[in-house]
Every structure is written in C-alpha cells, then in structure tokens.
1. Would you check chain B for Lys pairs whose C-alpha atoms are within less than 23 Å, ignoring same-chain pairs closer than 8 in sequence, and give me the count?
2. If each residue's Cβ is checked for other Cβ atoms within 10 Å, how do B:VAL35, B:VAL244, A:VAL17 rank with the fewest at the top?
3. If each residue of separation counts as 0.36 nm, what is the full-extension length gain between B:ARG56 and B:LYS418 once their alpha-carbon separation is subtracted?
4. Would you mind telling me which residue in B:ARG110, B:ARG56, B:ARG279 has the biggest mean-square fluctuation in a Gaussian network model of chain B, where springs connect alpha carbons within a distance under 10 angstrom?
5. Among B:HIS366, A:HIS26, which comes first, then next, by fewest other beta-carbon atoms within 10 Å?
6. Is there a simple number for the mean count of other chain Cβ atoms within 10 Å of the Cβ of residues in A:48-57, and what is it?
7. Return a whole-number percent for the relative contact order of segment B:55-210, with Cα pairs under 8 Å and 6 or more residues apart as the contact set.
8. Just to verify a number: FRET efficiency for A:THR28 and B:THR410, C-beta to C-beta distance, R0 = 60 Å, to 0.05?
Amino acid sequence: MTADPAGVSFGERMATVEFRVAGNAHITVDADVCASCTTRECVTACPANLFAETADGGILFNYEQCFECGTCYMVCNKEGAISWSYPQGGYGVVFRRG
Amino acid sequence: MSPLSPAGFDAVVVGAGPAGSAAAFALAKAGRSVVIVERGPYPGSKNVYGGVVYGRILDQIDPEWWQSVPVQRWVVRRSTMVLTSSQSVSVDVRSQAWGGPPHNGMTIYRADFDSWLAGKAVAQGARLVCSTVATGLIRDASGRVCGVSTDRPQGELRAKVVIAADGVNSFLAKSAGLYRDSSASHFTLGVKEVLDMDPEVIESRFGLGGREGLDIEALGATGAIPGGGFLYTNHDSVSVGVVVALDGLAASRRRPEELVASFKAHPSIAPYLRNSTLREYSAHLIPEGGYDTMPDLVADGMLVAGDAAGMTLASGLWLEGVNFAVGAGLAAGRAAAAAIEAGDTTAQGLAGYRRQLEASFVLADHMRLRRAPALVLSDRVQGVYNKVLCDLAEQLFTVDNPAPKPGLLTLARRSMAKHGLKFRHLAKDGLEAARTFR
Ligand SMILES: Cc1cc2nc3c(=O)[nH]c(=O)nc-3n(C[C@H](O)[C@H](O)[C@H](O)COP(=O)(O)OP(=O)(O)OC[C@H]3O[C@@H](n4cnc5c(N)ncnc54)[C@H](O)[C@@H]3O)c2cc1C
Ligand code: SF4
Ligand code: SF4
C-alpha cells in the first residue's frame, strides 16, 4: 500500500470506511480500451485509489472499496472504457460521518 | 419486501437525501400517497458533504426543528481564510445570536440529518423503502414518465409523478434527456477526513463554548488546482477536507488524499489538528456549475430537484446545497400535489414547480449569482489574489525600522507587481465581482 502523508497507510485510511461488498462488480473497466489510453486520469483522480497500472501497461480495477462518487467516469476521456452503475440496493459504501 | 402498491402511488420519489425527503414530506402533507426509494441501507449512508446545514428552510417542515434535529454544534464562528503556502489572512466573524434559535448554521452528520428528515416525511405518511436502486424510468405509450423500475423482484413502481432527487450523478435526469451538457468541468470533487478529537480540546482550541461550532473556509488551499479547503467542528470530531475542480484534479496528476494532507499541513491549520485520529475518510462530487449548467427541471410526469438538477450554490463565499435541496424538494412536492389534484401531470401541468423556485431563494439566488462559479474558479482568483493579499497584509504589519512605513498604495503596487497583477486586471475582475455579487 502507498504510504500516506497523513501518517496512515492507504490501507488503514480505507479501513476507516464500511463497505458491504456485493457479489458482483458495479463498475467494470474495459482493459482493451485502457491499453491505448496515454493519460490515465482515473489512476490519480480516484479518491479510493482503485485503478492500478500494471507492469505491462494495462489497468487493474477492483470495485470492492468504491465510494460510488462518479469521478472515474467523469474524468475518463475514452468512450466505453468504464461502464458505471450503482451497486445493488443496500450494498456498497456505508458512511457514518458523511 | 412486501409487494408495493400494485395500483401505484400518486408519486414516487427517488433518493432519500434532503431534496427527496422534503418532496415526500410536502406530498404526504397534501394528502398524497408517496413512496421514497433509497439505494442505501439508511438515509444518508451514501451521502457526504462538508458539514454545515443552514436550517431556516426547515421552518416549513417543523417550526421548532432545532428542538429535535440531531445537531453536532451550532456555528457561532465563521472564518474565511486566504492562504499561500506560508501565509494566511482571515476574516473571522462571530455572532452569539447564531447560537440560539432560530440559529444560522449547524454542523451535523448526513447519516443523522438525512435520517431525521426522512423521519419527518414518514411521520407525515410517506413510505420509505431503503436498500433499493431505481434502475430506470418507465414511460407510457405517449412517452410520459409513469414510474420507475427498481432492482427488486417485481420492483416496478407506478406513479402519476416521479421526482428525481437522486443526487449529483442523476442517471434519471440524464436518461430523461434533461441534461444538455454534463461534462466534468461543471463538477468538483470533495474529499473529507473526519478526525476524532476530545470535545474539551475542540472548545479550547477553537474558542468555543459547549455547543458552539466553528466553520472555516479557505481559498488558496489547493495549489494549482481550482478549489478550496474547509474545516468544521463537530461535537467530538472535526471534518477537514478540500473541494477541487474535477478537470483540474485530473490534469494535476495529484492524488485527492494528498491534497487534503497538504491543506492539513498548512501552518495555519496544522496546529488545530494536533493529536487527532482519522475516524472516516470519504469523497463525493458536487455540481458547482450553477444556473447556466442546470438541466431542464420538468418533463411529462417528472420533476428534478436538488443536486440532481445541479442546485448546489458554490460561490466562493458560500457552499450551500442542503438548504437548496430542501427548498427545491418542498417546491417539487407541492407542485406535484397541485398537478395531481388538477388531473394534469404533463410538463405543462407541473410548470408551477419552476415558478415556485423562481419566486424562492432556490432559483433567485442562482440566477443572481450565475456568474460566480466561473469567477471563483478563475486563475487569478485562485492563484494570484491570495498571494497579493497575503503579501500586502504581511508588509502592512511588518515593522521595518529604521525605514519609515511605506504607504498602503506603495505596498499594494509592490505586491501586485511581484505577482504580475496589473491594474487593468484588478479593474476587470473588480467589475466582474461587482456584477456577480451585486
Ligand atoms: C464535499 C462536499 C461538501 C459540501 N458541503 C456542504 C455544506 O457544508 N453545506 C451544504 O448545505 N451543502 C454542502 N454540500 C452540498 C450538499 O451535500 C448537496 O447539495 C446535497 O446533499 C443535495 O441533496 P440532494 O437531496 O439533492 O442529493 P443527495 O444528498 O446526494 O441525495 C441523493 C440520494 O439519492 C440516493 N440515490 C441516488 N440514486 C439513486 C437511485 N438510482 N435509486 C435510489 N436512490 C438513489 C442517494 O443514495 C442519496 O441518498 C457539499 C457537498 C460535498 C460533496
Ligand atoms: S479508465 Fe479511462 S482514464 Fe482510466 S486508463 Fe482507462 S481509458 Fe484511461
Ligand atoms: S466511483 Fe469514485 S471511488 Fe469508485 S472507482 Fe470511480 S472514482 Fe473511484
């Protein structure tokens, strides 16, 4: 996990948030479209840090700790790279002090 | 879930945020059958904001709302800060009047506020169905919206009117074709940390009495990215974070939590946060484009309210969305009830919604301040004026004996020259500011 300037690791940071993880992904990323993306906005902008660049230039995405904010589909400039929807009702992020 | 009414409801409200619960309250109060569909397990579970609700609009829901609202602190101190990396200038306003009814701002968590407000709608007779996503609009043969599909088995909900109060990403308003343009440039990302802190520490650190709170808004807190920082006191925690333009964030290649960390490390902020521990990290989008980026608010059988319609007022001096959402929701509920009563829920029959909004603060403030978002997010406001102002203030209070004190105008010229600000910029922006905030 990336070291965090606030003194907690990114993993510890995300561990402060409750997620009721659904069985299937509410967001999927098309690796083929991403392969030709040079800008990779999603990687830095996602506040939950869910997009990772792989050694071979691909994108790895994990939906489990998602804030459901919408940043990724808004900043992505490639048509069809991200298909985005909400998790099934009752699942996903649960904020207590939002 | 027990089968919802097969005969349908007068109205279906999507989203139990402030807009949705206010709409359902107004409909139920008018004697109409109404169901609220909320995708989270409880109202507020999906929602994040900075932290201050301006409550006067709640008078229309409960004239003594402050008796029962699950408040954290009543804001009596409001500080507006302008920062550079090593300087700050603040305007600090305190009013003890804000500490007593009818109050001004209150800090409150959304899990608490949204559940409280939804409870008001339910007490009035609305039905609340949580853990349910509205997945799309249902239309009749003529194309009129007549309900929503949900992710429940046999989960279709039919109604005479659908109120989309589904928040900033509003897939319902988008699927109804009401948005002409919803590009990233109209949105900001808010990133927040709630830090646990002992109430007595909060009170002595921020100069507050037992139930009193402080609200800090900071400009120049987000480096080269247009945006701002905020710090709010709750009972036993502080909420601290930044709001940044989405396109600026993406272009900057900086990580959101790093931006929060650099705001927290500012010499004017860091001492406030000593010995606090991270309780919850969160993020959410804000529609900050203002009036000119709002969608159409009415379609046949459908109304859009709150952030779903881009109604957050973000003008630099203010970041208000909850009160606007409540105001819009109440108007939507009343207009829908009147249209149902009159037997005409076409766009024309629902047109009273827009008229009510224009007659209230919701659209009146937005129309008056329609130029504010562009001005506030402009390069000079974001990256030059903060430096000019901080340098000017620093020089003004620097005693440079034996040199005599320079005049204010000399200092202003010096500070402007240092940061490349010309008098013509000042005149142009001054005029624009005068027009914007007139
Ligand atoms: C970081 C940040 C700081 C802010 N600071 C302030 C502040 O200090 N003061 C202030 O007044 N405002 C502030 N705002 C703005 C304020 O949060 C919003 O304007 C307000 O929440 C809008 O209310 P709403 O009811 O329109 O939408 P929301 O509060 O977003 O509610 C929408 C609801 O709909 C539900 N929903 C969405 N889609 C579906 C679906 N398909 N099916 C079922 N349910 C669905 C969601 O779960 C949610 O509960 C801030 C916002 C942010 C992000
Ligand atoms: S999701 Fe979009 S921004 Fe991210 S790598 Fe793929 S194409 Fe690029
Ligand atoms: S919705 Fe937000 S938190 Fe979830 S993957 Fe996209 S950017 Fe990250």
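Readers should treat all values here as calculations from the given coordinates under stated rules, not as data from a laboratory. What you see is a predicted model; the values in this text were computed from it and never measured. Note that each Cβ is placed from the backbone with ideal geometry, even for glycine, and that neighbours are counted across all protein chains shown.
1. Lysine pairs meeting the criterion: 15.
2. On the way: B:VAL35 23, B:VAL244 28, A:VAL17 19.
Fewest-to-most Cβ neighbours within 10 Å comes out as A:VAL17, B:VAL35, B:VAL244.
3. Details: separation 362, 0.36 × 362 = 130.32 nm, distance 4.45 nm.
Extending this stretch completely gives an extra 125.9 nm.
4. Evaluated over chain B, the most mobile residue of the options is B:ARG279.
5. On the way: B:HIS366 22, A:HIS26 17.
Ranking B:HIS366, A:HIS26 by Cβ neighbours within 10 Å, fewest first, gives A:HIS26, B:HIS366.
6. On the way: counts 5, 3, 0, 0, 0, 0, 0, 0, 0, 0.
Across the residues of A:48-57, the mean count of other-chain Cβ atoms within 10 Å is 1.
7. On the way: 145 pairs, mean separation 20.0, N = 156.
Once divided by the residue count of segment B:55-210, the mean separation gives 13 percent.
8. Step by step, r from the Cβ atoms, then E = 0.45.
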